[in-house]
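A short worksheet on the structure shown next.
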Amino acid sequence: MSQSQPQPQPQPQSKSKSEQWQWENATAGAAAGFATVAAMHPLDVVRTRFQVNDGRISTLPSYKNTAHAIFTIARLEGLRGLYAGFNPAVIGSTVSWGLYFFFYDRAKQRHSKNKEGKLSPGLHLASAAEAGALVCLCTNPIWLVKTRLQLQTPLHQTQPYSGLYDALRTIMREEGWSALYRGIIPGLFLQVSHGAIQFTAYEELRKGIIDFKSKDRKKDSESDDKLLNSVDYAVLGASSKIAAVLLTYPFQVVRARLQQRPCSDGIPRYMDSWHVVKETARLAIEVI
């Protein structure tokens with residue numbers, strides 16, 4: 001009996017280490033999200049304004065390019081304009097990345113049971129898609145507020161939101177709680193596909209580089225991590241991110257246009273995702 005007592009002890013210890021690792025990844029993701037927003041927010045403001053500018057919005061100035069947009073915003077609205085929507089952006093990005101890493105790790109652990117810890121590309125895709133969908137459902141109201149704050153300019157005729165709390169309160173009072181989830185459909189496609197493409201591409205490119213480098217080396221002479229250097233990791237991160245951005249950008253445009261504040265009469269500019277696609281295609285054809 002004395003020998004049977006210690007047997008259950010290693011399992012809780014292993015579980016504790018696993019949970020600690022999950023929270024460390026979540027914390028690292030949250031910190032990365034904050035740093036990214038703090039450095040790149042002015043470009044995010046410009047991107048949002050370009051995305052919604054279909055040539056018919058009188059409340060947005062006309063920008064020629066990114067540099068002209070930054071100069072114009074700084075001249076007309078000051079630093080506050082370049083950092084419009086910063087608070088919800090920080091909250092949204094920090095929460096999103098923290099939750100994403102947490103959900104992604106949990107999903108991978110669940111899928112890897114009875115598979116010797118190795119996941120196929122399909123299971124990597126399923127894990128990333130699951131994490132992206134859960135994050136989108138949790139954070140869509142924050143991104144909606146961020147978009148509306150970024151689109152506020154001195155040309156607006158309606159009373160501007162004073163901040164995150166005022167925006168949430170006003171939206172709930174004037175449009176109802178369902179307005180907080182405008183753009184949820186393209187948002188789900190964006191989150192699921194973006195994360196899935198980025199992390200799957202990263203994992204598969206990483207495997208390819210490791211296989212290529214390990215051909216000329218003796219088996220088990222070095223671990224997989226030691227085969228990759230800092231340049232390899234930089235290439236992996238940049239390549240997977242570029243692939244994800246290029247393939248999912250149209251979803252960003254649709255979501256941004258749906259999340260605009262309604263006109264002064266309370267009628268949304270676009271009713272649903274299909275309406276955005278039709279109107280965007282029609283205007284593009286007219287320009288051509």
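The values are calculated or read from the model by the stated rules, or taken from the named source; none is laboratory data. Fair warning: this is a prediction, and the values are worked out from it, not measured in the lab. Counting neighbours? That spans all protein chains shown, and the Cβs are built from the backbone with ideal geometry, glycine included. Just the protein is used for accessible areas: all its heavy atoms, side chains included, with ligands, DNA and RNA removed. Shrake-Rupley method; radii C 1.70, N 1.55, O 1.52, S 1.80 Å.
Data overview
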| quantity | calculated |
| --- | --- |
| Qualifying residue in region 116-135 (condition: more than 27 Å from residue 189 (Cα to Cα) and either open to solvent by 70 Å² or more (accessible area, probe 1.4 Å) or at pLDDT below 90 (or both)) | yes |
| Count - residues of region 64-79 that are polar (S, T, N, Q) and in a helix (DSSP H, G or I) | 2 |
| Filtered residues of region 19-60 (kept if surrounded by 16 or more Cβ atoms within 10 Å (Cβ to Cβ) and modelled with pLDDT of 90 or more) | 41, 42, 44, 45, 46, 47, 48, 49, 51, 52 |
| Check on residue 127, assigned to a helix (DSSP H, G or I), closer than 20 Å to residue 252 by Cα and not aliphatic (A, V, I, L, M) | no |
| Cβ-Cβ under 6 Å pairs, at least 6 apart or on other chains, region 267-288 side among the polar types (S, T, N, Q), far side surrounded by 10 or more Cβ atoms within 10 Å (Cβ to Cβ) and modelled with pLDDT of 90 or more | 273/185; 273/186; 273/254 |
| Failed condition for residue 257, given (1) without any contact (Cβ under 8 Å) to a residue 24 or more places away in the chain; (2) charged (D, E, K, R); (3) in contact with a Phe, Trp or Tyr (Cβ under 7 Å, 6 or more places away or on another chain) | (1) |
| Region 209-221 residues that are open to solvent by 100 Å² or more (accessible area, probe 1.4 Å), paired with ones that are modelled with pLDDT under 80 and aliphatic (A, V, I, L, M) (beta carbon under 8 Å, 6 or more apart) | 217/227 |
| In region 61-73, the residues that are open to solvent by 70 Å² or more (accessible area, probe 1.4 Å) and within 22 Å of residue 255 (Cα to Cα) | 62, 65 |
| Flag if residue 260 is of a type in the set (S, T, N, Q) and outside any loop (DSSP other than H, G, I, E, B) | no |
| Any hit, region 145-162, residues being part of a helix (DSSP H, G or I), of a type outside the set (Phe, Trp, Tyr), open to solvent by 20 Å² or more (accessible area, probe 1.4 Å) and within 24 Å of residue 99 (Cα to Cα) | no |
| Test: residue 108 is part of a loop (DSSP other than H, G, I, E, B), farther than 25 Å from residue 177 by Cβ and not small (Gly, Ala, Ser) | no |
| Residue 241 vs. criteria free of Cβ contacts under 8 Å to residues at least 24 places away in the same chain and out of contact with any Ser or Thr (no Cβ under 6 Å at 6 or more places or on another chain) | no |
